[in-house]
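Okay, structure first, notes after.
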Amino acid sequence: MESVAGHIDGAPRPSGAITFDRSLKGLTGIAVKGFLLSLITFGIYRFWYITNLRRYFWSRTTVDGSPGEYTGTGKELFLGFLVALAILVPIYIAIFALSLMSPALAAFGGVLSFVILYLLGQYAIYRGRRYRASRTLWRGIRLGQDGSAWAYAGMAAGWSLLTVVTLGLAFPFMRASLERYRIRHTLIGTARMDSTARGTQLLPYWLVFYGVVLLPLLAAAAYFLVAAGFKIPTDLMVAKPGKPGDFIMNPTYAGTPVATALTVLGFIGPVGVIAALLLIPFYRARETRLFMNAASLGSVTLSSTLRARQFYWPYIVYFLSILGFFLVIVLVFLGLGLLIGLGGGREPGGFSAVHALLLFTTLAAYLGAGLLFAVLYVRIIQARLWAAVAESTQVHGTEALAQIVASSRAPASGLNEGLADALDVGGALQIGF
Amino acid sequence: MQPITATGACFDGVSARPYPVTIRVTDRFEVRGEGVFHDWNLLDLRAADAAAPLMRVGPVGSLIRVEFTDATLAAVLPLRCPDLARRESEEGGTLRLVLWSIAAGVSVILVALFGVPLLAGVLAPMVPDAVEERLGAAVEGQIVDILGKPPLCTEAAGKAALDRLVAKLVAGRGLPGSVSVTVRRHKMANALTLPGARVIMLSDVLVKSETPDEFAAILAHELGHVATRDPTRSLIQSSGTAFLLSLVFGDLTGSTIIVAAGQAIVSAGYSRDAERRADAYAVDTLNAAGGNGAALASILERIAKDGDSETGAFLRSHPFTRERAASIRERAGPEAAGRRIIAEADWVALKGICPGLPAAKPSESKPSESKPKPPGPRRERKAPDEPVDL
């Protein structure tokens, strides 16, 4: 049996491994150039920036010894964005005009635009994935995606509705269902992938998240509704005396169950947000592992050993870097403030050199922060999460990969991904699938 | 030319099967293996990205790929293939892209700065009254919420006096639509004009007014905004600018600040002109109705005193008060000071429109330049898409 990984002389690699070049050589340059040029081109360069990032990530990831290849271009993405604008602007204007012309519709204007933009967003996500697939080569074989983006958007909308109705319990089933649709319409050459992802497999991990984050919130909200007799009192919040625009709770409710419920809600809300932030990486890691294990291509299967801590580390490192940066900034400004306090006291209101220095430092700190966070985000969050998923995954039955045959269908249009960017759904700096 | 040989794998672009091959580079790139033979011109060779030591090449425009890890070949190949790193799909260069992008961005900014206000000025008079009325109702709801839901003042005698004053000011001035003036109890001395000829006077203006003409002057200033449809124009202008800028710039770091700052400068510049026009309108209206046009100057000096700082002048939506007061006095003429717009009885009734308001301080000190007043609280500037106020 021919071991594909053995085709290259040099260090023998375990067959079927997925690797990622962790040295990240050259990535900082791409991020710095991308950030600065995006800044001075009013953001237009971002399409070329994303393209460069994708080319980098694709080419540094090897599957069974061969790296991927990204063949998309910034020009394609930019043209797609312009076309998407041409579609979106009339829609925005129509929604605005409709809510203005008809007062009956005005109340539903927000809901209407949310529904339309949600559907378009899901549509755009699917089309964007199709573009990325068709611009991906492996061993000279083009990937592809068929299926209908409208069907996908419809499914996503239906599942979202069901998730709301079931108070969030249907969420893992939605995730699994959409994953199956995506994977089953993904092709490598002519070979179609398959996924056996099931919502019931995800359910335990979702219940952990649900029990810690959502259930207390829902319970508190229910308690509040019961206490208020299932209708929210309109006079619950009143203007703070003497301070228009500030609101306090109506004192007449003090001591009633409504006030207690509101206090409980006010406590559980922030706690829930923190718990959610802490638990999202855990859920995402478990979900990714399950989805990887469920995916297959004929007799080729994947297995993932992804640990949740591999998802936590990048976030912790990123968070600590930002914290450190702000500490330095605070110290610098404290020093400058001290300088002003000592030197500027004699001439109040004067614009001294220290003030100029302060202004300059503020500007430099702002730009520097933007640049630093952009680079750190790419190097720490994106690269490390990507590496974690790639390196924890193993391909089994690689000998069957040799049977993959290229497809004769044309690559998808470059206009596919523009809508996603114009709608801000995973367009910007989206580099994975 | 020294031939270099190495081993690698070839993928034929049709199947994913790797073919073990021997690569030989002279002035051609030759690939030989079982059932594989390629002979490519070095000028046609392109390299796809890969992390060292792996290298991956293929002829331009083809899906055939040859992968190898030989260090010698990897070092020599770029020297013999001048176009190895060339990317036909990305021709044109980054510099050209950057310059065109900047040009496009500047063009959009210019349209937002000059085109949109021009368009808003043309469009505002064309908005049908019914639409403007609906717009006004919607905006009034929002504004009342922002102000903290101040209650309406509806004392019957006061309301009647107010209606008589409004009728006197509106008479013969050819205002569009029917004007609706309401008074709301609020601790801020300010007045607002909304689309659909809706004027909201906050009760503190009444408190701070020492003469009926001062109150009438503020009211007439607002009617000046009604006459030129300023609220509708500024609504169209600010939403148009915001829409244009945010749509084009997306929301990468920094651009939101550019958008916000640009909007503030644009709307401030145009609203300063609008304020001067409304001032002139107020003086003319008051003089025509037999009142004291210069009263606008004295009430402005009381409730909208300039800060000490000259900085940020280009960001101010209103001109400096001393500058306004000077041109108001000049326009009103010297003989204006003696006139009164309404009788004392009506003035007393009007002040009773909000029962229980603190009485105005007796006018023992006439507003004079010699006596500096303590700087009053600077009025907080609101978001630029709000209606034109005092």
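For the reader, a short list of remarks on this structure follows.
- Here the residues A:SER408, B:SER15, A:SER303, ranked from fewest to most Cβ neighbours within 10 Å of their Cβ, fall in the order A:SER408, A:SER303, B:SER15.
- Rel. contact order, % - alpha carbon contacts under 8 angstrom, at least six apart, region B:4-90: 26 percent
- With a 10 Å cut-off around each Cβ of B:45-51, the average count of Cβ atoms from other chains is 6.
- With neighbour counts taken as other beta-carbon atoms within 10 Å, the residues B:VAL14, A:VAL258 rank, fewest first, as B:VAL14, A:VAL258.
- B:ILE4/B:ALA85 FRET efficiency (R0 22 Å; Cβ-Cβ; nearest 0.05): 0.70
- Under the convention that each Lys and Arg Cβ holds +1 and each Asp and Glu Cβ holds -1, the size of the dipole of region B:1-77 around its Cα centre is about 60 debye.
- Segment A:LEU338-A:VAL226, extension gain: residue separation times 0.36 nm, minus the distance between their alpha carbons: 34.8 nm
- Mean projected area in nm² (Cα convex hull; one quarter of hull surface) for region A:46-198: 11.4 nm²
- Nitroxide proxy distance, nm - points 7 Å out along Cα→Cβ at B:ALA345 and A:ILE316: 8.4 nm
- Note on B:98-105: average number of Cβ atoms from other chains within 10 Å of each residue's Cβ is 4.
- Taking a ≥ b ≥ c as the square roots of the eigenvalues of the Cα gyration tensor, an a/c ratio below 1.5 marks region B:4-90 as rounded.
- Where labels lie 7 Å past Cα in the beta-carbon direction, separation of B:ALA160 and B:THR94 in nm: 7.9 nm
- Estimated at 0.36 nm per residue, the fully extended path between A:TYR118 and A:VAL32 surpasses their Cα-Cα distance by 27.7 nm.
- Each Cα pair under 8 Å and six or more residues apart adds its separation to the average, and for region B:140-200 the resulting relative contact order is 36 percent.
- Ordering of A:47-53, A:307-313 by packing is A:47-53, A:307-313, highest average first (other Cβ atoms within 10 Å, averaged per residue).
- Test item: A:62-73 mean partner chain Cβ contacts at 10 Å: 4
- Förster radius 51 Å - calculated FRET efficiency between A:VAL328 and A:THR305 (Cβ-Cβ, nearest 0.05): 0.85
- Taking all Cα pairs closer than 8 Å and separated by 6 or more residues, the relative contact order of region A:307-391 comes to 57 percent.
- Burial ordering of B:GLU301, B:GLU132, B:GLU222, A:GLU399, fewest other beta-carbon atoms within 10 Å first: A:GLU399, B:GLU301, B:GLU132, B:GLU222
- Potential lengthening between A:ALA97 and A:ARG284 on full extension [0.36 nm per residue; Cα-Cα distance subtracted]: 63.3 nm
- Once both labels are positioned 7 Å from their Cα atoms along Cα-to-Cβ, the gap between A:ALA402 and B:ALA75 label points is 3.4 nm.
Every number in this text was worked out from the coordinates using simple rules, so none of it is lab data. None of the values given here were measured: they were computed from a predicted structure. Using ideal geometry, Cβ is built from the backbone for each residue, glycine included, and neighbour counts are taken over all protein chains shown.
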